Structures are given as C-alpha cells and as structure tokens.
C-alpha cells in the first residue's frame with residue numbers, strides 16, 4: 001500500500017475512534033493512550049481506589065486532582081481537558097464523595113488528655129483527639145499534634161520545635177520574636193512560666209499563639225498553636241495545657 005494512503009487511513013481510523021468510542025466490558029472504563037493504532041484501552045476498575053479516569057470519550061489516563069468536595073469532569077470549552085465541579089449528595093460514582101459538613105469544636109475535659117514523653121528531653125499533656133507525629137530525630141526536632149477533620153483549610157495544630165545554634169537555619173530567640181511580629185503581624189503576649197522558666201509569648205489574634213521557652217546555650221523550644229477562627233478559642237486550652245504540664249529533663253535544661 002502507498003505509504004501516504006496508509007498514513008491517511010491511520011489518521012482517519014484514529015479520528016473515528018475518538019469520535020465514536022467503543023463500548024467497554026462491564027467493570028472496566030476507557031482511557032486514552034499514546035498508541036495511534038489503539039487510541040484508547042479498557043482498564044479494570046478498582047473498587048478501593050475508585051476510577052483511574054473520567055469515563056467517556058474525553059477520559060484521562062490519570063484522574064486529575066480536584067479540591068475536596070469536587071470532582072473532575074470533561075470540559076467542553078476546548079481550552080482545557082477537564083474542570084472541577086461540585087459533588088452533590090446522592091451521586092453514586094465511588095470516586096464522588098459528598099462534601100463534608102464542618103466539624104463542631106467541642107470543649108475538652110480532664111479525661112481527654114494523655115501524657116506524651118520524649119525520652120531524655122521532656123514530657124507534657126495533650127488532647128487525645130489530636131493526632132501526634134514524632135519528628136524529634138530529624139535535623140530540626142519537631143513534634144506536631146493535629147486535629148484532622150478532613151476539611152479544607154488550616155487545621156487545629158500544636159507544634160513543638162527545638163531550635164539550636166548548631167542548626168543551619170538557626171535564628172536566635174530574640175530575633176525569632178521580631179520576625180514573628182514583622183512577618184505575621186504578631187503582638188507581644190508577655191511571659192508565662194513553663195517548666196520553671198519564663199517563656200515569651202507572641203499572639204496573632206484569633207489565629208495563632210507561640211511560646212518561646214529558653215534552654216541552655218542559646219537553644220529554645222518554639223511551641224506554636226494555630227487554628228481556624230471558629231475553633232481557635234475552644235482549643236486554645238490545649239495549648240495552655242501543654243505549657244502548664246511541661247516538664248524538662250536535666251539534659252534538656
């Protein structure tokens with residue numbers, strides 16, 4: 001066959017395949033491929049992971065990422081292959097999940113706290129509902145405690161970081177306080193006793209609060225609380241509890 005005719009036939013076949021998608025067997029869906037001889041393929045659906053593509057002639061090989069509460073849908077404006085549309089309750093696609101309702105902040109009682117210990121360093125009490133992450137062995141030792149309610153935006157979080165002169169990006173305590181004021185618009189919050197020493201406080205109203213706890217040889221702990229406005233006052237007591245119950249070992253002091 002003439003090579004030119006063969007190329008034309010191939011282009012026509014590809015175009016027709018794109019315009020008239022073939023049916024895929026039950027339990028599979030279409031995805032576009034890079035093979036001109038086979039412009040699409042039928043792939044098996046994974047019930048746990050959901051669909052790997054948006055079904056239909058304009059399917060994607062990998063499902064595009066959309067914000068929580070939305071899903072990817074084929075776009076018809078020709079400028080982009082997909083757009084993110086809001087998910088409505090009642091949709092049955094396993095990859096479509098109705099938007100979560102905002103979680104209500106609740107008051108914390110004595111039974112809601114447990115003790116957390118970093119061997120040879122410190123211990124303190126924190127709320128059980130906050131998920132801990134221990135990164136104390138990293139270059140900049142850090143603990144984080146997060147309320148993961150699955151909602152978009154800033155979560156409720158408490159972090160404890162040890163800052164030492166030996167660290168590459170070390171900033172002295174006084175300079176860190178100045179930066180917090182200049183960069184975040186924080187206000188001076190005075191001092192508060194933490195583990196037998198006076199810790200300096202900075203506050204960004206309704207958003208965050210930081211305690212700087214001085215240690216030996218210029219080191220210090222930066223203990224930061226942050227939360228969305230509607231939850232800030234409710235969980236501020238957790239931050240205060242950390243400060244009030246903190247105990248340091250002699251090594252840390």
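The values are calculated or read from the model by the stated rules, or taken from the named source; none is laboratory data. For clarity, every value in this text was computed on a predicted model and none was experimentally measured. Positions of Cβ are backbone-derived with ideal geometry, glycine not excepted, and every protein chain shown enters the neighbour counts.
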Requested in this report: Look at residue 181 and say whether it is assigned to a helix (DSSP H, G or I), in the same structural domain as residue 123 (by TED's automatic domain parsing) and without any contact (Cβ under 8 Å) to a residue 24 or more places away in the chain.
Outcome: yes
Requested in this report: Working carefully through the options 190, 185, 206, find the one that is surrounded by fewer than 17 Cβ atoms within 10 Å (Cβ to Cβ), more than 22 Å from residue 120 (Cβ to Cβ) and touching a helix residue (DSSP H, G or I) at 6+ places or on another chain (Cβ under 6 Å).
Outcome: 206
**Report entry** Residue identified as in contact with a helix residue (DSSP H, G or I) (Cβ under 6 Å, 6 or more places away or on another chain), surrounded by 13 or more Cβ atoms within 10 Å (Cβ to Cβ) and in the same structural domain as residue 121 (by TED's automatic domain parsing) among 235, 225
**Finding:** 225
Query raised in the report: residue 158 fails exactly one of the following numbered conditions: (1) out of contact with any helix residue (DSSP H, G or I) (no Cβ under 7 Å at 6 or more places or on another chain); (2) in contact (Cβ under 8 Å) with a residue 24 or more places away in the chain. What is the number of that condition?
Result: (1)
